[in-house]
1. Mind listing the long-range amide H neighbours of Asp97? Cut-off is under 5 Å, sequence gap 5 or more, other chains count too, H placed in the peptide plane at 1.01 Å from N.
2. Based on alpha-carbon atoms only, what is the radius of gyration of region 116-180 relative to the globular estimate 2.2 N^0.38 Å?
3. Report the extension gain between Leu105 and Gln82 in nm, rounded to one decimal, defined as 0.36 nm multiplied by the number of residues separating them, less their alpha carbon distance.
4. Report, to the nearest 10°, how far helix 44-54 tilts away from the longest principal axis of the Cα atoms in the chain, using its own Cα long axis and a range of 0 to 90°.
5. Going by alpha carbons, how many degrees (0 to 90, nearest 10) lie between the helix axis of 130-139 and the longest principal axis of the chain?
6. Please go through the residue pairs Lys116/Lys180; Lys116/Lys176; Lys80/Lys142 and name each one whose alpha carbons sit more than 30 Å apart in this structure.
7. Percent relative contact order of the chain, based on C-alpha pairs within less than 8 angstrom and at least six residues apart?
8. Could you report the chain's accessible area per residue, 1.4 Å probe, as an integer in Å²?
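The values are calculated or read from the model by the stated rules, or taken from the named source; none is laboratory data. Everything quoted here is computed from the prediction, not taken from an experiment. Neighbour counts run over all protein chains shown; Cβ positions are idealised from the backbone, glycine included. The protein model used for the area step is the full one, side chains on, heavy atoms only, and it has no ligands, DNA or RNA in it. Shrake-Rupley method; radii C 1.70, N 1.55, O 1.52, S 1.80 Å.
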Amino acid sequence: PEFEYLEFNEWVWTEKVDGTNIRVIWDEGEIRFAGKTDRAQLHPLLVARLEERFLSQRALFEAITTEVPVCFYGEGYGPKIQGGGKYREDNDFVLFDVWIGGWWLERHNVEDVAEKFGLDVVPVIGYGPLSSMAAVVRRGFKSQWGDFTAEGIVARPKVELFGRNGDRIITKVKYKDFPK
């Protein structure tokens, strides 16, 4: 009952990419890469791609904000990274969130950052309540990335919601989690 109001809220659905969580961090003039945790080990081919994409972008980081730190959240994907080999033949990074100086950017601003940096951003595949999202994932749907069933959906409320501890409310549902 206490979460019932979330059911009927409008949610933005993005395709869940099968890869590994990556953070690109800009702080005090330095760019560094990390996984979901600072101790996560990143595949060397993915690190090489991240370096190629971001190390030459210092001026762009400085131009987009004077606030620090900046953190790009995304998925590293491609061959030898989870099931990411079905998405492309090499490794890359797809953006799904941006945090600047303590603020989470809205989707249109994340898309703007992605455009400025020449990055892909996870595609929006729909809108609606959580029950509809779960039904779509249960049936399975074609990935925006190719001719295969998408891993699932990551959904966030159209208007950001936060828990009492300050964490954003976001949910993820995977196709493999439903019995066949």
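1. Excluding prolines and chain starts, which carry no amide H, the hits are Tyr73.
2. Normalised Cα radius of gyration, region 116-180: 1.28.
3. Contour length minus the Cα-Cα distance gives 5.5 nm.
4. 70 degrees
5. 90 degrees
6. Working: Lys116/Lys180 42 Å; Lys116/Lys176 35 Å; Lys80/Lys142 22 Å.
Beyond 30 Å between Cα atoms: Lys116/Lys180; Lys116/Lys176.
7. This gives 28 percent for the chain.
8. Normalised by residue count, the accessible surface of the chain is 58 Å².
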